[in-house]
1. Just to confirm a number: summing +1 for Lys and Arg and -1 for Asp and Glu over residues other than Gln62 whose beta-carbon lies under 13 angstrom from that of Gln62, what do you get?
2. Around Ile42, with a cut-off of 12 angstrom between Cβ atoms, what is the net charge of the other residues, counting Lys and Arg +1 and Asp and Glu -1?
3. Show Glu34, Glu16 ordered by accessible area, largest first, where the area counts protein heavy atoms only and the probe is 1.4 Å.
4. Enumerate the calculated ³J(HN,Hα) couplings along the stretch 29-46 in order (Karplus 6.51 cos²θ - 1.76 cosθ + 1.60, θ = phi - 60°), each rounded to whole Hz, writing x wherever the residue is Gly or Pro.
5. Quick one: accessible area per residue over the chain, 1.4 Å probe, rounded to a whole number of Å²?
6. So what's Rg/Rh here for the chain, counting alpha carbon atoms and using the Kirkwood radius for Rh?
7. Using a 1.4 Å probe on the protein chains only, how many percent of the accessible area of the stretch 11-86 belongs to carbon and sulfur?
Amino acid sequence: VGVMKIHLRYFASVREVIGMGQESVQTQATHVGELRKELMAISPQHAEALARHKAVRAALNQVACAEDAPLSDGDEVAFFPPVTGG
């Protein structure tokens, strides 16, 4: 597996903690969970926002996905907190 470019989008509290709404990263991660782990190593803010004990959902190319969803070059991955009704 080579290096891929993944476009990231962060929403709601995840965006607030990380301090930006989007970025692009180079990764060798093969699935969303592995990418999340890599992102947690970027900065303390990423580590806090994406921490394993937090209920963070992911979407791959605008479709909700599980952590084992496979990544392809150029994909967009979004991270967001669970949406609450009200």
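The values are calculated or read from the model by the stated rules, or taken from the named source; none is laboratory data. Remember, it's a predicted structure, so these values are computed and weren't measured experimentally. Neighbour counts are summed over all protein chains in view; Cβ atoms, including those assigned to glycine, are modelled from backbone coordinates with ideal geometry. Surface areas here come from the heavy atoms of the whole protein model, side chains and all, with no ligands, DNA or RNA. Shrake-Rupley method; radii C 1.70, N 1.55, O 1.52, S 1.80 Å.
1. On the way: positive: Arg9, Arg57; negative: Asp75, Glu76.
Residues near Gln62 contribute 0 overall.
2. Working: positive: Arg36, Lys37; negative: Glu23, Glu38, Glu48.
Net of charged neighbours comes to -1.
3. On the way: Glu34 65, Glu16 140 Å².
Result of the area sort, largest leading: Glu16, Glu34.
4. With coefficients 6.51, -1.76 and 1.60, one gets 4, 9, 8, 4, x, 5, 4, 4, 4, 4, 4, 4, 8, 5, 7, x, 5, 4 Hz.
5. On the way: 4990 Å² over 86 residues.
That works out to 58 Å² for each residue.
6. Reported Rg/Rh, Kirkwood definition of Rh: 0.94.
7. Working: 2360 of 4450 Å².
The C+S portion of the solvent-accessible surface of the stretch 11-86 is 53 percent.
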